[in-house]
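Notes follow the structure.
The values are calculated or read from the model by the stated rules, or taken from the named source; none is laboratory data. Quick caveat, the model's predicted, so the values are computed rather than measured. Every residue, glycine among them, receives a Cβ derived from its backbone with ideal geometry; neighbour counts consider all protein chains shown.
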């Protein structure tokens, strides 16, 4: 009697940049341009010059080898459900000088919350300045800091090239500050910021 052998592959050992990606209908939908083995998310770009990306959990991968991988979703599914990075939420824990901003997102392996960033709030307070430029985690320029209140930790930004409105950004979503270049990078994506603010960043 013939029996089919099942071979289990650890996706983390086979993922490589520029791997060709196909949907559930065997249509090519792009190439792997980034992956995070800790959180379990893969970034797929339709073309190397494309500014749009798909962000998929590794659990969506149905087959993989060193040259290509297949997803259990159609291209329409990717456009509808995976066109933005996984949602992140930030909370501040602790009191006084020990306050820490903790950011979590769903794991691409299990769906459970996984910590992606922890930052000491007091350390960030001393690094922020007005006129610094603010970027989301996916590279959107939100504009420059017009006002900053170190007591509340709130930054008011000028209208940027992608926003018609002033934006208020809490210090808790700051990932890093480059005091030499005057750049502030957030742990939040464009979509995360839209969930936090009442305006669309267009």
Next item on the list: For residue 138, indicate whether it is in contact with a helix residue (DSSP H, G or I) (Cβ under 7 Å, 6 or more places away or on another chain), more than 19 Å from residue 167 (Cβ to Cβ) and in contact (Cβ under 8 Å) with a residue 24 or more places away in the chain.
Entry: no
Of (1) under 30 Å from residue 101 (Cα atoms); (2) in contact with a helix residue (DSSP H, G or I) (Cβ under 8 Å, 6 or more places away or on another chain), residue 52 satisfies every one except (2)
Filtering the stretch 25-39 down to residues that are out of contact with any strand residue (DSSP E or B) (no Cβ under 6 Å at 6 or more places or on another chain) and assigned to a loop (DSSP other than H, G, I, E, B) yields 25, 26, 27, 37, 38
> Going by the conditions given, is residue 64 in contact with a strand residue (DSSP E or B) (Cβ under 8 Å, 6 or more places away or on another chain), modelled with pLDDT under 95 and over 30 Å from residue 173 (Cα atoms)?
Replying inline: yes
Check: With respect to residue 128, is the statement that it is touching a strand residue (DSSP E or B) at 6+ places or on another chain (Cβ under 8 Å), outside any strand (DSSP E or B), at negative phi and surrounded by 14 or more Cβ atoms within 10 Å (Cβ to Cβ) true?
Finding: yes
Filtering strands (runs of 3 or more DSSP E) wholly in the stretch 83-123 for at least 2 residues that are touching a helix residue (DSSP H, G or I) at 6+ places or on another chain (Cβ under 6 Å) and in contact (Cβ under 8 Å) with a residue 60 or more places away in the chain gives 89-93
Residue hits (the stretch 5-15; surrounded by fewer than 12 Cβ atoms within 10 Å (Cβ to Cβ) and either part of a loop (DSSP other than H, G, I, E, B) or on the phi > 0 side of the Ramachandran plot (or both)) are 5, 6, 7, 8, 9, 10
_residue 65 in the same structural domain as residue 21 (by TED's automatic domain parsing) and either surrounded by 14 or more Cβ atoms within 10 Å (Cβ to Cβ) or touching a residue at least 24 places away in the same chain (Cβ under 8 Å) (or both)_ = yes
